[in-house]
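Asks: First, the structure itself, so that you have it in front of you.
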Amino acid sequence: MQKVLVTGSAGFIGFHTAVRLLKEGYEVIGLDNINDYYDVNLKYGRLKESGIEKDQIAWGKGVESSKYDYYTFFKLNLEDTESINKLFATYKFDFVIHLAAQAGVRYSLENPHAYIDSNIRGFLNILEACRHYPTQHLVYASTSSVYGANTKMPFSEHDNADHPVSLYAATKKANELMAHTYSHLYNIPTTGLRFFTVYGPWGRPDMAIFLFTKAILEGKPIQVFNNGDLQRDFTYIDDIVEGVYRCMLKPAKAEADFDNFTPDPASSYAPYKIYNIGNSKPVQLLDFIEALENALVKKAIQQMMPMQAGDVPGTWADTSNLNETIEYKPRYEVENGIKNFVNWYQTYYSN
């Protein structure tokens, strides 16, 4: 049985990814530090859903799932070099899916040091562990935020993305550069996935759909930034997980005809790839709010706000590369995805 490390497995995407891998028959080792960036009860709720009970969890101790036969969870910091190396030495992972990170554009304005600790130091530990305990493929989370000041739409991996407008985006761009270095030096196959506005059941409370749903149900105003003149490539969680899983099974390979004179940022002479992973159907923010109102059967009180620092007016993923490589085609329309989220939200918070 092949072993997969999923970092951030108490997080939104990590939780769903771990469950998918377990259902596919892999042995999964989950890792998360369960920090308090947002409500830890939601993180413990995800873990409980995957058979890991809160009262069993302790630092550095492996906890076996009561629901899945081959799932073990560790509470660890990515920055803990010794513990990360020990984990790799013990399990000798076939694949590594690195989803743990300090997320959030706005929070990076308040607590920048957390992003360097987790996203830079932590990622270095993962790369070093993959170097000393070789894996077939390292798949890691990047973000659409790396496109920053780019205005050419749709965003393409082949375009330059060297003008980030938030520290969060800068750290994820740094991750891509670090991964390339290790692919070059140590022949480690690495694939970076630039996620586009992921939403769905068990999502993060700092994301728009979560904030909007809570406020609408409580009869409070929602903050609509840039006076609603925003568009996002909202991507449903199941479509994201499908892409992550398929990419894992397609280790990055060197491009035989790579042109060093006009280098393509999305590939390399080393086993290194970068892909957008999104819905490829940007939605206007006001249309998204209307779809949410329909699902909740309640109107929102809209408070128009200026553009927030570190934010961008629009995102739109060109996923033609991913489609060509793994036949990636998102299945969920926004209206259906929103209904699934609302159903989960109302059930979860009614208990």
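The values are calculated or read from the model by the stated rules, or taken from the named source; none is laboratory data. Predicted, not measured: the structure shown is a model, and the values here were computed from it. Virtual Cβ from ideal backbone geometry, glycine too; neighbours counted across all protein chains shown. To get the accessible areas, we keep the full protein, side chains included, count just its heavy atoms, and leave off ligands, DNA and RNA. Shrake-Rupley method; radii C 1.70, N 1.55, O 1.52, S 1.80 Å.
Asks: Name the one entry in Gln303, Gln284 that is in contact with a Pro (Cβ under 6 Å, 6 or more places away or on another chain), closer than 18 Å to Ile222 by Cα and open to solvent by 40 Å² or more (accessible area, probe 1.4 Å). Outline the logic, then answer.
Replies: On the way: Gln284 fails: in contact with a Pro (Cβ under 6 Å, 6 or more places away or on another chain).
None of the other options fit; the residue is Gln303.
Asks: Shifting gears a bit: For the stretch 214-239, which positions are in contact with a helix residue (DSSP H, G or I) (Cβ under 6 Å, 6 or more places away or on another chain) and not in a strand (DSSP E or B)? Spell out how you get there, then give the answer.
Replies: Narrowing the stretch 214-239 to residues in contact with a helix residue (DSSP H, G or I) (Cβ under 6 Å, 6 or more places away or on another chain): 216, 222, 228, 230, 234, 236-237.
Residues satisfying the conditions are Ile216, Gly228, Leu230, Phe234, Ile237.
Asks: Oh, and also: List pairs: first in the stretch 108-136 and closer than 21 Å to Thr191 by Cβ, second at pLDDT below 95 and in a helix (DSSP H, G or I), Cβ under 8 Å, 6+ apart or cross-chain?
Replies: Filtered contacts from the stretch 108-136: Asn119/Tyr168.
Asks: Moving on. Which helices (runs of 4 or more DSSP H) sit wholly inside the stretch 249-351 and have at least 1 residues that are more than 18 Å from the chain's Cα centre (by Cα), closer than 18 Å to Ser142 by Cβ and among the aliphatic types (A, V, I, L, M)?
Replies: Numbers: elements: 285-296, 320-326, 334-348.
In the stretch 249-351, the matching helices (runs of 4 or more DSSP H) lie at 320-326.
Asks: Scan Tyr38, Tyr44, Tyr68 and give me the residue that is assigned to a loop (DSSP other than H, G, I, E, B), open to solvent by less than 50 Å² (accessible area, probe 1.4 Å) and over 23 Å from Ser144 (Cβ atoms). Write out each step before concluding.
Replies: Numbers: Tyr38 fails: over 23 Å from Ser144 (Cβ atoms); Tyr44 fails: assigned to a loop (DSSP other than H, G, I, E, B).
Exactly one residue qualifies, and that residue is Tyr68.
Asks: Looking for something within 16 Å of the chain's Cα centre (by Cα) and aliphatic (A, V, I, L, M) - is there at least one such residue anywhere in the stretch 184-194? Write out each step before concluding.
Replies: Here is the first cut: in the stretch 184-194, the residues within 16 Å of the chain's Cα centre (by Cα) are 190-194.
This time we only want the ones that are aliphatic (A, V, I, L, M), so: 193.
The answer is yes, given that some residue of the stretch 184-194 is within 16 Å of the chain's Cα centre (by Cα) and aliphatic (A, V, I, L, M).
Asks: Is at least one residue of the stretch 148-155 hydroxyl-bearing (Ser, Thr, Tyr), modelled with pLDDT under 95 and open to solvent by 70 Å² or more (accessible area, probe 1.4 Å)?
Replies: Within the stretch 148-155, the first condition is being hydroxyl-bearing (Ser, Thr, Tyr), and the residues that meet it are 151.
Now drop any that are not modelled with pLDDT under 95, which leaves 151.
Okay, now just the ones that are also open to solvent by 70 Å² or more (accessible area, probe 1.4 Å), so 151.
Yes - at least one qualifying residue is present in the stretch 148-155.
Asks: Sticking with this structure for a sec: Could you please let me know if Thr325 is in contact (Cβ under 8 Å) with a residue 24 or more places away in the chain, buried (at least 18 other Cβ atoms within 10 Å of the Cβ) and under 17 Å from Ser280 (Cβ atoms)?
Replies: Values: in contact (Cβ under 8 Å) with a residue 24 or more places away in the chain: yes; buried (at least 18 other Cβ atoms within 10 Å of the Cβ): no; under 17 Å from Ser280 (Cβ atoms): yes.
Answer is no for this residue.
Asks: Kindly provide the set of residues from the stretch 176-198 that are touching a helix residue (DSSP H, G or I) at 6+ places or on another chain (Cβ under 9 Å) and closer than 20 Å to Tyr269 by Cβ, ordered by number. Outline the logic, then answer.
Replies: We begin by selecting, within the stretch 176-198, every residue touching a helix residue (DSSP H, G or I) at 6+ places or on another chain (Cβ under 9 Å); these are 176, 178-179, 181-182, 185-186, 188-198.
If the condition is that a residue be touching a helix residue (DSSP H, G or I) at 6+ places or on another chain (Cβ under 9 Å) and closer than 20 Å to Tyr269 by Cβ, then Glu176, Met178, Ala179, Thr181, Tyr182, Leu185, Tyr186, Ile188, Pro189, Thr190, Thr191, Gly192 are the ones that fit.
Asks: Something else now. Scanning for something under 16 Å from Lys273 (Cα atoms), under 20 Å from the mean Cα position of the chain (by Cα) and among the hydrophobic types (A, V, I, L, M, F, W, C), does the stretch 105-125 turn up at least one residue? Before the answer, list the steps.
Replies: Filtering the stretch 105-125 down to residues under 16 Å from Lys273 (Cα atoms) leaves none.
The answer is no, given that none of the residues of the stretch 105-125 is under 16 Å from Lys273 (Cα atoms), under 20 Å from the mean Cα position of the chain (by Cα) and among the hydrophobic types (A, V, I, L, M, F, W, C).
Asks: To continue, here is another question. Which pairs do you get when a residue that is within 14 Å of Tyr236 (Cβ to Cβ), found in the stretch 278-297, comes within reach of a residue that is open to solvent by 20 Å² or more (accessible area, probe 1.4 Å) and in a helix (DSSP H, G or I), reach meaning Cβ atoms under 7 angstrom, with the pair 6+ apart or on two chains?
Replies: Sorted first by the residue in the stretch 278-297, then by its partner, the pairs are Ala291/Glu335; Ala295/Lys339.
Asks: Still on this structure: What number of residues within the stretch 123-173 are part of a loop (DSSP other than H, G, I, E, B) and under 20 Å from Lys250 (Cα atoms)? Break it down into steps so the answer makes sense when it comes.
Replies: Pass one, the stretch 123-173, residues part of a loop (DSSP other than H, G, I, E, B): 133-136, 148-154, 156-166.
After this cut, where a residue has to be under 20 Å from Lys250 (Cα atoms) as well, the list is 133-136, 157-158.
Number satisfying all stated conditions: 6.
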